[in-house]
Each structure stands twice: as C-alpha cells, then as structure tokens.
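Chemist: I have a structure here, written as structure tokens, and I will follow up with some questions on it.
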Amino acid sequence: MNKNALTTGIAVIIFFFIMIASVMYGKKIPIDTNNYENCKYEGEITEGSIYVLGDYTYTYIKIPDDKEEIYGWQIKLTDKNATKIENNNFCKMIDSRPIISTEEMYKDSNLETIDVSNLYTNDVKYMNSMFANSKATKIIGLEKLNTSNTLDMFSMFSDSNFEELNLSNFDTSKVVSMQEMFLGCQTKKIDVSK
C-alpha cells in the first residue's frame, strides 16, 4: 500500500470517528422531565451530600426552624459562567426528599436567558437571592413557580437585569422577608397584579 493511500485512509477513519462522536455526544437529546419526579441518589444521604443532574447541583442541607430542623435539597446552577445551558430538567424530589431551597440558584450567573418553567417549587421555603445579580435579560416560566410555602424572598431579584418580571401568580401569604427584593433591579416592568 502506498504512503498517500494509507494517509488518506487514516484521515477518512479519523473523520468518521469525529462525525460519529459529534452525533453521539454533541447532539442535544430532549429529556422528558416527567422522568425526574423522584431522582435516585446512590448511597446514604447525609447533610452535605451532592447530587448533579445536567447543569444543576443539589446539596442536602439542614435549615434550623423555630419548631424543628428542616432537611431537604438546595439547588444551584453548577457553572455560573455559562451563557447557555443544555437543558432545563430538574428533580422534583431526590429519594423522596423535597427541594427546600433555591437560595442563590442563579446568583451572579452569566446566562442570557433563564428558564424555570419546569422547576418544581411546591416545597421550597427559601428563595432568597435566587436571581440576584444575574446577567440574564429574559426569564421564562416565572409565573409558574409555586410560592405557597415560601418563607424568604430576601433580595430575590436584587441587581438583576430582566426586561420584565411576571409575579402575578406569586402567593406570598407565608413570606416573612421581602427586604431588598428589588434593590438595584433594572427591570422596567413588574407585574404584581394578584
């Protein structure tokens, strides 16, 4: 076999491997969020346990309360420097233990758009600084957040840059802190009609 044919053959093989790899690993595969009703954790769950799903990191935390200690998961965007993320799939629970905090979830993030339409917040008690100092100008699904059990919204949108905020469905009946919720917020239109 001559040297040119061998080099060409190797180049073709490498090209096909690259093509196959880009199809297998570079393709965005839609994930049905219904599969994430109750994510499974491998091993024993203790305070500080970490679970990662896609672009989000969950940490098992304990929050002292006046009546009892509350245990559950806190969720945060893993890479705050990312401008876009692959998918917005969230666990509703992890091993039947609830998500109780979205504190600082997108704080200081560089995302261009934030999509929380699939975020299950029925058990979330703490939303403080959730979007603080976020660079995003657009937020999708904010009106879908269930805030009926939320206690803390301190600094939730402070120093954020959203073009508009639709808070019309926010239930703030249990919220005890809304201090500085919009401090330094650059939003020009906020719907709080409810």
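Chemist: Take the residues in segment 149-179 that are farther than 22 Å from N110 by Cβ and of a type in the set (D, E); name whichever of them is most open to solvent (accessible area, probe 1.4 Å).
Modeler: Top of the filtered list is D171.
Chemist: Also, quick follow-up: Which pairs have Cβ atoms under 8 Å, sit 6 or more apart or on different chains, and link a residue in segment 54-71 that is at positive phi to one that is among the charged types (D, E, K, R)?
Modeler: Listed by first residue and then by second, the contacts come to G54/E86.
Chemist: What pairs come out if I take residues in segment 147-158 that are among the β-branched types (V, I, T) and pair them with residues that are open to solvent by 10 Å² or more (accessible area, probe 1.4 Å) and part of a loop (DSSP other than H, G, I, E, B) whose C-beta lies under 6 Å away, six or more apart or interchain?
Modeler: So the pair list comes out as T147/F170; T147/D171; T150/V175.
Chemist: Further, regarding this structure: Identify, by number, the condition in (1) modelled with pLDDT under 95; (2) open to solvent by less than 10 Å² (accessible area, probe 1.4 Å); (3) within 26 Å of I190 (Cα to Cα) that K144 doesn't meet.
Modeler: Among (1) modelled with pLDDT under 95; (2) open to solvent by less than 10 Å² (accessible area, probe 1.4 Å); (3) within 26 Å of I190 (Cα to Cα), K144 violates only (2).
The values are calculated or read from the model by the stated rules, or taken from the named source; none is laboratory data. Worth saying up front: this structure is predicted, and the values here are computed from it rather than measured. Don't worry about glycine lacking a Cβ; one is built from the backbone with ideal geometry, like all the others, and counts go over all protein chains shown. Surface areas here come from the heavy atoms of the whole protein model, side chains and all, with no ligands, DNA or RNA. Shrake-Rupley method; radii C 1.70, N 1.55, O 1.52, S 1.80 Å.
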